[in-house]
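The structure under discussion appears below in the form of structure tokens.
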Amino acid sequence: MSRALARGHGPAIAGLVVFAVALWAQTGAMVGVFYDDGIYVAIAKALAEGRGLVSLHLPGAPPAVHYPPLYPVVLAGLWRLWPAFPANVVLFQLFDAAALGAAAWIMVHHARRTALPPLARYLALTIGVTAFPMLTLVGVRFSEPLFLVLLAGAVCVADGDDVGRGKAAAAGVLAGLATLTRSIGIAAIVGIPLAFWLRGRRRAAGVALGVALAVSAPWWLWLAAHGDGIDPLLASNYGTYTQYAGQAGVVGLLAGLDFTSLQPFSRLLVPALPTPIWLAVTAMVFGTVVVGAVTLARRVPTLLLVLVPYVGMVTLWPFTPDRFMWILLPWMALLATAGSLRAWQWGWWGRIPVLVLTMIVVVGFGWRQVVSVMDRQFAMTADRASRPFALLTAGIRTGTPENAIIASDGEAMIYLYTGRSAVPLFLFKLDGRRMRSFGADTTQHYLCRQGVTHVATSWLGGDALPLLDTLRTRGDSVLTPLFTVADGPALYRFRCPR
């Protein structure tokens, strides 16, 4: 192994290892257990069948304006190769694993610029890419692996030496494609030209910016043309990000300045400790990352100038799933390693904190990583969430006509596994950073307007419980139970009140 690393095969080895681990991490969970994954695949099905960029599972198939199109486009290509769902999910799994492996390859190759000891950078990045939250992500159909390989590629090209127009254009293409995968790829469209500009490469900055905007422009034009085609009651889940941010308002956006967006890292790395000690250790963790960033600023400036706006946008965004930050784990591990090595050079007053912090992280993260991998705990959430949906979709297939319209949680999954059109059962909007239900009357009116014939839920104690309780009080003919499972799924026939 050491000879292979010395010969420069380290990036390839890391990529292959991550690819193999990502393949092993795939689950048998149903597509749609984490909501977004089901919508990605439903859009891919629409594209593969020539229906266009639409939310095929919703009645009337409105335009898809919430999720950027590149990942569904890739899945659509795979769908056309094997148009048998759910058997074709194995192709999606293979692609996502390959994308994560390629991202690891690129990141390890790019990390050569850091001049860190080879073993340190290989371990930091490989552990970061295969951390159990990353295994959870790659095990379901999220766009993060594709986004990560495109973002890493853009950063690697832009941080290279002798960047002329060709490489600047390549960096712009990759940044634009990253934005077509996840809208937060805008961080690359901002950071890469800025990095070129600050390095005195003004022409390269202009080329990269122009190309990135040109590549991503079709998506912005699509949003401008079709953004108003979504029912306002569905804006939180299916509307544009502008509509979503508008619901939160300025106060909701600025509330993110408490930096709760960084909690996914602290919860992952730091074990349960008394609050003052926990806060002090968390500050040490992020302080080490900052020291690493300062240490590497001259060697990988583009990486840092992309990470800063990325973290800034996640910080302000009113809804912050942990996965938005989890995909930065490889780079955070690299920066923390650089910071630790730099602090080690300061003598004992730097070495003692590094040793203490290392032991704490080993306890907080290392033990959980070992247990998660040994017991495949990273896959348990998806696997467990699939069980009630397996019962529910089977009941819908056998207990409803093919033209039924189902109101349910996981509506895209319901469509994929039953062929029935479906709408969300829980309708909400943002009030600052809180979700507010539209209430039973508004929801009932929406269900009637959409022609809903059945109501389903994977869990009777979920978000829809208040709505179901209210509908039950409005006459025994509004909701007629077809089957219910205690603390599990339920299916009802729905009739609009007269």
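What follows draws every value from the coordinates through simple rules; no lab data is involved. Computed from a predicted structure; not experimentally measured. Methodologically, a virtual Cβ is constructed for each residue, glycine included, from the backbone with ideal geometry; neighbour enumeration extends over all protein chains shown.
The residue among S386, L430, T457 whose Cα reaches farthest toward the positive pole of the charge dipole of the stretch 381-494, with charges on the beta-carbon of Lys, Arg, Asp and Glu, is L430.
Around the amide H of I405, modelled in the peptide plane, lie the amide H atoms of T453, H454, all under 5 Å away and 5 or more residues distant in sequence or on another chain. Cα centroids of the stretch 71-114 and the stretch 265-293: how far apart, whole angstrom? One Cα centre to the other: 33 Å. Taking the average, over residues, of other Cβ atoms within 10 Å as the packing measure, peptides 178-185, 321-328 rank 178-185, 321-328 from highest down.
Over what distance in Å are the Cα centres of the stretch 235-254 and the stretch 355-424 separated? Each part reduced to its Cα centre gives a spacing of 26 Å. Isolated cysteines in the chain, defined as those with no second cysteine Cβ under 4.7 Å, comprise C156. Relative to the Cα centre, the charge distribution of the chain, modelled as +1 at Lys and Arg Cβ and -1 at Asp and Glu Cβ, gives a dipole magnitude of about 1140 debye.
Taking the DSSP bridge list for the chain and keeping only pairs wholly inside it, about 70 percent are antiparallel. Add -39500 (n - 2.57) for each DSSP H run of 4 or more in the chain, then divide by its residues: what number comes out at 222 nm, to the nearest 500 deg cm²/dmol? -19500 deg cm²/dmol, from helical runs alone. Between W348 and V251, the modelled label-to-label distance comes to 5.4 nm, taking each label 7 Å out from Cα in the direction of the beta carbon. Ratio of Rg to Rh for the stretch 381-494: 0.95 [Cα atoms; Kirkwood radius as inverse mean 1/r over pairs]. When each of the peptides 23-31, 298-306 is scored by how many other beta carbons lie within 10 Å of its residues on average, the order from highest to lowest is 298-306, 23-31. Distance between the modelled labels on W222 and R495, one decimal in nanometres: 4.2 nm (7 Å Cα→Cβ projection).
Beyond 38 Å, the tail of the calculated P(r) for the chain holds 29 percent of the Cα pairs. Close amide H partners of L482, meaning residues 5 or more places away or on another chain with modelled amide H under 5 Å apart, are L491, Y492, R493.
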